[in-house]
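**Q** What follows is a single structure, and I will ask about it in a moment.
Each reported figure results from applying straightforward, stated rules to the coordinates on display, with no laboratory input. Quantities reported herein were computed from a predicted structural model and do not represent experimental measurements. Quick reminder, even Gly has a Cβ in these numbers, built from the backbone with ideal geometry, and neighbours come from all protein chains shown.
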Amino acid sequence: MLKKIQEIKEVARVFGEMRHLLPALKFKMAAHDEKTSLATAFEDAVAAHPDRIMLIFEGQEWTYREFNGLVNRFARLLQEQGVARGDSVALLMENRAEFVLSMLAILKVGASCALINNSLSGAGLVHCVQAAGANHIIVGEERALVIDASREALGRISSGSYLWFADSGNTACPDWCVDVQARMVGQSDENISGTREITAGEVAFYIYTSGTTGLPKAAIMLHRKALAASTVLGRLGFRVKPSDRLYLCLPIYHITGLGPGLLAFILSGGSVFLRRQFSASNFWAEVQQFKTNSFIYVGELCRYLNQQPEHPQEKNNPLEKMLGNGLRPDVWDAFKARFDVPRICEIYGSSEGNVSFANFFNKDRTIGATFAKVALVAYDQENDQIIRDSEGQCIEVAAGTPGLLLGEITADYAFDGYTNKEATGKKIVENVLNPGDEWFDTGDLIREIDVGFAFGIRHFQFVDRVGDTFRWRSENVSTNEVAEVLNQHPQIQVANVYGVEVPGVEGRAGMAALAVDGSENFDLDALARLVDSALPVYARPVFIRLQRSLATTGTFKLVKTELREQGFHLDQMGDDAVYVRPPKAGSYQRLDNDFYQMLCLGTAGY
C-alpha cells in the first residue's frame, strides 16, 4: 500500500513538472537574420526591472539601471578606441564586476568577446587571442603582468588597443594600456545606437575548449545559441524569477557559469551574487547573508561541501534549486540529504556542441532528457574509434549500455564549429544511421537509464569521456598538450598522458607514463620546474610512472586503457617506479604505502 501511495505521489509530481515544461517548449531559436541579441535582451531586462538589484560583488551592489549606465559608458569608450561591429575583443580577468561590465559593453558594440581562461599564460594565451582574431584586449590589473610578458608575441595588437581595469590598486596603469575607469568619466550613460541592429547569427563569444590538438580550440557561439541556452535552461532548469538570487562562484569564462548561470539571471531580472572563486568555508555564511536561493555548480564543489565539518549556517539555508554538471551519484545523494535542497537540475552539454541535456523533471542521478535527436553508438575504446556494421553504419547500443553520444546536425541543432576548419571537420561523423547524414561527435560515453514514470521521455546518465581529454579541477585537460611539454625534458623519450580515478575526488587526476633510460638517475626536480613553467595548475600531472618503453597498438598509437585501469595502484606497477605530487607540494616524491593508503581512503587532500 505504501509503495502504491509513493508511486501515485511521483506521478502527481511529474505532472506538476509538466506545467513548467510545456510553455518552454514553445521557445524557438531565433533565425540568423533576426534582429535580436544578448545585448538587446539585456536592455529589455533593464527596461523591465530598472530598480532591482542586478549584481552584488565584494561589498558593492548595482541596480539594473546603474549597471547599464556603466556598460553604456564603456561601450562608447570601446568605440572611441576603434572597436566596431564584427570585431573580436579578448577579455582576461578574474571573476569580478568589471568582467561582466566588459562583456556586456563588447556585446552592445556588436563585437564578439573572446573569453580567455585567466590561468593561461605564454604560448597558450597568445594562441587563444590569435585564434579569435582579436585586435583589442581588456585586461584586469591582476593579469597585466601575464599580458606584458606576451606583448611581443602579440605584436599585431597596438599599445592603444590594450584596455586596463584597476583591481587592488597596488600597481598603476601601464603606459602601454588605456585606463578604462579614468576614460569612462564624462561618457554618456544612455544606450548606444546600433545595438538593436545586431542579428542572432552574429558571433557573441569565442569559448575555449581543450582538445586533442595540444592547444585550446576556439568554439564559436552565436547570439542565437547563447540566447537559446540561457533562456531554456533559465526557464526549465532554474525557473528564474526576478525575486531569485544566484550564488555564482564558477569562472564566467566557462559556459556553465556564463550561460545557465550569469546570463539566465540577468536576462530575466534576477540578482547575482558574484565571487572570484569558490570557498567551502565561507559558502553557507554567504548563502545566508545574501539570501541566495539558487546555486550554479560543478560536481567538485558539491563534494567539497560534503567533506566540510558541519556549519551552523547550513541548517535552514535558503537554497531551493541548483543547476550544473558533473555531480556524481554518490555525491548527489549525500548532498541532497544533508543540505535539503529540493531541486537539482543536472545538465550536460558543451560550448561547441549541438546537443544538451537537462534534468527538467528533477529525477535523481541523471543528466535528464534532450529535445535533440541523439544516438548512442558502439565504441572501441582501445582503438579510439566508432564500431560500424558490415554496411558501414554505426551500431546503436541497448538501453543501459554505455555508447558514444552523437547529436544529429540539423538547422535547429546546428554545429557552428571552431575557428579552425580542420578541427571542425574532425567532430563531424557521417553515415551514422542513414547514408549522407551528419552528426556531432561529443566524445563522451552516455547510457540510457530508467528513472520511473516520466511520460516515456528517455533519460540519460553521463559515464565517461573518451579519447585524449580528461577533466580535472573542473577543467578539460588535453593529454597531447601535457605530453608535448613533458617531452621537452631531455631524459624523456616519449610521454603517455592519461587521467586516473582517485577515490573521493571529482574527475580524473593527470598521470604520465614516461619512457626513460635509467630511472635511477631521472631528474624529478627538473620535471617539476618544467611543468610549473609551462602548464596551468590543473594540467600538471599528479602521478608519474617511469618505464623503459611504452606499449603501442598495431597502428603505433600509445596504449592507454590498461594504464588507466592500473592507475597508481602499487600492486599493479611491476618493476615501474611511481611518483606522486602531494597537494600544494613543489616536487614529486616516491609513492610509498602510507600515502597510497591515504589516496585509497580519499584522505590525501586532493
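**Q** How would you order 402-408, 156-162 from highest to lowest mean count of nearby Cβ atoms within 10 Å? Intermediate results must be reported in sequence, preceding the final value.
**A** Values: 402-408: 23.9, 156-162: 15.4.
Listed from highest to lowest mean packing, they are 402-408, 156-162.
**Q** Express as a percent, rounded to the nearest 5, the fraction of DSSP beta bridges in the chain (both residues included) that run antiparallel.
**A** Expressed as a percentage, antiparallel bridges in the chain total about 60.
**Q** Something else: Note down the magnitude of the dipole of the chain about its Cα centre, charges +1 on Lys and Arg C-beta and -1 on Asp and Glu C-beta and zero elsewhere, to the nearest 20 debye.
**A** Working: 60 positive and 74 negative charges, 338 e Å.
In total the dipole reaches around 1620 debye.
**Q** Specify which residue in the list 178, 74, 445 is farthest towards the positive end of the charge dipole of the chain, using unit charges on the beta carbon of Lys, Arg (+1) and Asp, Glu (-1), about the Cα centre.
**A** Ranked along the dipole, the leading option is 74.
**Q** While we're looking at this one, here's another question. By counting other Cβ atoms within 10 Å of each Cβ, how are 141, 391 ranked from fewest to most? Before the final figure, lay out the partial values.
**A** Details: 141 21, 391 7.
With the sparsest Cβ surroundings first, the list reads 391, 141.
**Q** While we're here: Tell me which of 544, 89, 459 sits at the most positive position along the dipole axis of the chain, charges placed on C-beta atoms (Lys, Arg +1; Asp, Glu -1).
**A** 459
**Q** Please list, or write none, the aspartates and glutamates whose alpha carbon is within less than 18 Å of the alpha carbon of residue 321, excluding same-chain residues fewer than 8 places away.
**A** By straight Cα distance, residue 321 reaches 17, 244, 286, 300, 333, 340, 346, 364.
**Q** By how many nm would the segment from residue 371 to residue 457 grow when fully extended, if each residue of separation counts as 0.36 nm and the alpha-carbon distance is taken off? All intermediate terms of the calculation are to be shown ahead of the outcome.
**A** Values: separation 86, 0.36 × 86 = 30.96 nm, distance 0.99 nm.
Result for the pair: 30.0 nm of gain on full extension.
**Q** Further, regarding this structure: What nm distance separates the two modelled labels at residue 334 and residue 320, each placed 7 Å from Cα along Cα→Cβ?
**A** So the two model labels end up 2.9 nm from each other.
**Q** Further question: Rounding to the nearest 20 debye, state how big the charge dipole of the stretch 421-529 is about its Cα centre with +1 on each Lys and Arg Cβ and -1 on each Asp and Glu Cβ.
**A** Details: 10 positive and 19 negative charges, 56 e Å.
Using Cβ point charges on Lys, Arg, Asp and Glu, the stretch 421-529 gives about 280 debye.
**Q** On to the next question. Report the dimensions of the chain along its three principal axes from the alpha-carbon atoms, largest first, rounded to Å.
**A** Here the Cα extents, ordered largest to smallest, are 73, 70, 60 Å.
**Q** In what sequence, highest mean first, do 36-44, 179-187 appear when ranked by Cβ atoms within 10 angstrom?
**A** In descending order of packing, they fall as 36-44, 179-187.
**Q** With a/c under 1.5 counting as rounded, go ahead and sort the stretch 26-101 into rounded, prolate or oblate using the C-alpha gyration tensor (a ≥ b ≥ c being the square roots of the eigenvalues; past the cut-off, prolate if a/b is larger than b/c, else oblate).
**A** Values: a/c = 1.78, a/b = 1.13, b/c = 1.58.
Oblate, because a/c is 1.5 or more while a/b does not exceed b/c.
**Q** Continuing with this model, one more query. Could you compute the FRET efficiency for residue 565 and residue 387, with r as their C-beta to C-beta distance and R0 at 25 Å, rounded to 0.05?
**A** 0.80
**Q** Another question, then. When you count, for each residue, the other Cβ atoms within 10 Å and take the mean per peptide, how do 503-511, 244-252 rank with the highest first?
**A** On the way: 503-511: 20.8, 244-252: 23.6.
Going by the mean number of other Cβ atoms within 10 Å, highest first, we get 244-252, 503-511.
**Q** Could you name the aspartates and glutamates in cross-link range of residue 427, using Cα to Cα under 16 Å and dropping any fewer than eight places away on the same chain?
**A** The reachable aspartates and glutamates, counting only those whose Cα sits under 16 Å from residue 427, are 352, 384, 408, 416, 437, 438, 441, 444, 468.
**Q** List, in the order given, every pair from 373/426; 35/225; 28/373; 217/363; 241/373; 225/291 whose Cα-Cα distance in the structure shown is over 22 Å. Walk me through the numbers on the way to the answer.
**A** Working: 373/426 20 Å; 35/225 14 Å; 28/373 16 Å; 217/363 34 Å; 241/373 30 Å; 225/291 31 Å.
Result: 217/363; 241/373; 225/291 exceed 22 Å.
**Q** On average, how much area does the Cα convex hull of the stretch 31-344 cover when viewed from any direction, in nm²? Mind dumping the intermediate values first?
**A** Details: hull surface 65.5 nm².
Result: a mean projected hull area of 16.4 nm².
**Q** Averaging sequence separations of C-alpha pairs under 8 Å and six or more residues apart, then dividing by the length of the chain, give the relative contact order as a whole percent.
**A** Numbers: 1235 pairs, mean separation 62.2, N = 606.
Averaging sequence separation for qualifying contacts and normalising by length gives 10 percent for the chain.
**Q** Starting from the Cα gyration tensor of the stretch 117-219, take the square roots of the eigenvalues, sort them a ≥ b ≥ c, and report rounded, prolate or oblate (rounded when a/c is under 1.5, otherwise prolate if a/b is larger than b/c, else oblate). Intermediate values should be presented prior to the final figure.
**A** On the way: a/c = 2.11, a/b = 1.11, b/c = 1.90.
Oblate shape, in that a/c is at least 1.5 and b/c is the bigger or equal ratio.
**Q** Going by the alpha-carbon gyration tensor, a ≥ b ≥ c the square roots of its eigenvalues, is the stretch 470-601 rounded (a/c under 1.5) or, if a/c is not under 1.5, prolate (a/b greater than b/c) versus oblate?
**A** Numbers: a/c = 1.16, a/b = 1.13, b/c = 1.02.
Since a/c stays below 1.5, the shape of the stretch 470-601 is classed as rounded.
**Q** Moving to a separate point now. Pulled fully out, how much extra length does the chain show between residue 401 and residue 378, if you take 0.36 nm times their separation in residues and subtract their Cα-Cα distance?
**A** On the way: separation 23, 0.36 × 23 = 8.28 nm, distance 0.90 nm.
Here the segment from residue 401 to residue 378 would lengthen by 7.4 nm.
**Q** Which value in nm describes the separation of the simple spin-label points at residue 185 and residue 426, placed 7 Å from the Cα toward the beta carbon?
**A** 5.1 nm
**Q** Taking 30 Å as R0, compute the FRET efficiency from the Cβ-Cβ separation of residue 32 and residue 84 and round it to 0.05. Provide the component values of the computation, followed by the final result.
**A** Details: r = 20 Å, r/R0 = 0.67.
With a Förster radius of 30 Å, E is 0.90.
**Q** Here's another thing I want to ask about it. Can you tell me the dipole magnitude for the stretch 512-593 around its Cα centre, using point charges on the Cβ only (Lys, Arg +1; Asp, Glu -1), in Debye to the nearest 20?
**A** Values: 10 positive and 11 negative charges, 80 e Å.
That gives the stretch 512-593 a dipole magnitude of about 380 debye.
**Q** Now for a different question. Points 7 angstrom from Cα along the Cβ direction at residue 537 and residue 598: gap in nanometres?
**A** Between residue 537 and residue 598, the label points sit 1.8 nm apart.
**Q** OK, next. Enumerate the helices in the chain for which the Kyte-Doolittle hydropathy averages -1.0 or more and the C-alpha atoms extend at least 30 Å along the helix's axis, using complete DSSP H runs.
**A** 2-25
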